[in-house]
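Taking it in order: structure first as structure tokens, then the write-up.
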Amino acid sequence: MIVTGSAQREAWQQRVLPPVERVRPDVWSIPVPIPDSPLRYTLSYAFLDDTGVVLVDPGWDTGDGRAALTAGLRTAGTDLGDVTGVVVTHVHPDHHGLSGWVRERSGAWIGMHPVEARTLPGRVWHERRAETDRAGLVAHGAPEAEAAALTTDARRISGVLNMAEPDRAIEDGDLLPLARHEVRAVWTPGHTPGHLCLHEAGAGILLTGDHLLPRISPNIGVHAHEDGDPLSAYLASLEQTAKFGADEALPAHEYRFRGIDGRAADLIRHHDERGAEILAILHRLGPATAWDIAAGLTWSRGWAALRGMLRRMALAETLAHLRYLVTTGAVRPAEGTPIRWRI
Ligand SMILES: [Zn+2]
């Protein structure tokens, strides 16, 4: 992997916001701060066109975020009012948070993959969610007291429940409505079900969202009350992304880089190793819950240090691996409650 965003990496290391950069003619990278997050910023991308601007991932909605986006567009020689379209790689609030505000200020449309739209927090939230959530955690082996403490608190997520509904669907292979650019959507499910990357072949760039980042392995998780096998989807998406090996990756966090194929291979290897670690634990423990398996895995800060949301994410990652191992035939669910897994 070769880091091409050297100013971005320097800023990353110095814990400051990177500069607004022109990464190609009429393509700009605008860092938008994320409050209280180790990720620190989202890299929003602006495609300048004959009739206006298409903005990808406008970032987290805070006063500082709005100011950074507004100032960044001015540096690029344009204006918030010139934005004609907003495309989000996925609906996490560090990407989609500001979309509604941008639409309000500019009249822009908002586009996303239709599968992603179905996961908007405002659509999936329901009154009984806290109870479903708690029961799911217990079913996968969380101790009662801890399950109660880890249950999603409606007050904490109230901000994301209002995130904007889309105006248009962007499917795999669709071209964005631009005259000066030929940007094609690439559906890369895994981190989220409707995650999109955006490819501009002529410019030799792939906007990778959170699908492929230079340093962090994106969270691939399935919550205790959810179905599905996102890791199979993610690994297939990584295989597909590897064919863009000649292009520069413009990720939504950290810094720009080359070597998409090598980075995709690294992430596939990382997940293989994780799978092997889970099988080793099951050899040792016999049938075990996802909770007990998660507690036995190596985590960079240790299981004991993982609290709250981090512990939920660790459990969700473990469960994603177990579902994948069931798909490959390496693991099967055992009889009884709580839900246990065996070789
Ligand atoms: Zn993100």
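Every number here is computed from the coordinates shown, using simple stated rules; none is lab data. Just so we're clear, the structure is a prediction, and the values are computed from it rather than from any experiment. Backbone-built Cβ (ideal geometry, glycine too); neighbour counts: all protein chains shown.
Every test in (1) outside any loop (DSSP other than H, G, I, E, B); (2) within 16 Å of the ligand (Cβ to nearest atom); (3) surrounded by fewer than 20 Cβ atoms within 10 Å (Cβ to Cβ) is passed by Ile216 save one, and that test is (1).
This table checks each residue for (1) among the acidic types (Asp, Glu); (2) within 16 Å of the ligand (Cβ to nearest atom); (3) in a loop (DSSP other than H, G, I, E, B); (4) free of Cβ contacts under 8 Å to residues at least 40 places away in the same chain.
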| site | (1), (2), (3), (4) |
| --- | --- |
| Pro177 | no, no, yes, no |
| Arg180 | no, no, yes, no |
| Pro189 | no, yes, yes, no |
| Thr192 | no, yes, yes, no |
| His211 | no, yes, yes, no |
| Gly221 | no, yes, yes, no |
| Gly228 | no, no, yes, no |
| Leu235 | no, no, no, no |
| Thr241 | no, no, no, no |
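Would you be able to say whether some residue in region 273-287 is in a helix (DSSP H, G or I) and either closer than 30 Å to Val16 by Cα or within 20 Å of the chain's Cα centre (by Cα) (or both)? For region 273-287, residues in a helix (DSSP H, G or I) and either closer than 30 Å to Val16 by Cα or within 20 Å of the chain's Cα centre (by Cα) (or both): present.
With a cut-off of at least 3 residues that are more than 16 Å from the ligand (Cβ to nearest atom) and surrounded by fewer than 20 Cβ atoms within 10 Å (Cβ to Cβ), name the helices (runs of 4 or more DSSP H) lying wholly within region 1-97.
Result: 6-13, 63-75.
Residues in region 198-209 that are in contact with a His (Cβ under 7 Å, 6 or more places away or on another chain) and either within 13 Å of the ligand (Cβ to nearest atom) or among the aromatic types (Phe, Trp, Tyr) (or both): Gly209 only. State all residues of region 130-172 that are within 28 Å of Glu104 (Cβ to Cβ) and in contact with a strand residue (DSSP E or B) (Cβ under 6 Å, 6 or more places away or on another chain); if no residue qualifies, say none. Within region 130-172, Ala164, Pro166, Asp167, Arg168, Ile170 meet the criteria. Contact map, region 44-57: residues that are closer than 17 Å to Gly202 by Cα paired with residues that are in a strand (DSSP E or B) and among the aliphatic types (A, V, I, L, M), Cβ distance under 6 Å, separation 6+ or inter-chain. Pairs shown: Tyr45/Val56; Tyr45/Leu207; Ala46/Val53; Ala46/Leu55; Phe47/Val27; Phe47/Val54.
Across region 102-124, what is the number of residues that are hydroxyl-bearing (Ser, Thr, Tyr) and surrounded by fewer than 16 Cβ atoms within 10 Å (Cβ to Cβ)?
First, the residues of region 102-124 that are hydroxyl-bearing (Ser, Thr, Tyr): 106, 119.
Add one more test, that the residue is surrounded by fewer than 16 Cβ atoms within 10 Å (Cβ to Cβ), and what stays is none.
Total meeting the criteria: 0.
Within the option set Gly173, Gly136, being small (Gly, Ala, Ser) and either outside any helix (DSSP H, G or I) or free of Cβ contacts under 8 Å to residues at least 12 places away in the same chain (or both) holds for one residue only, Gly173.
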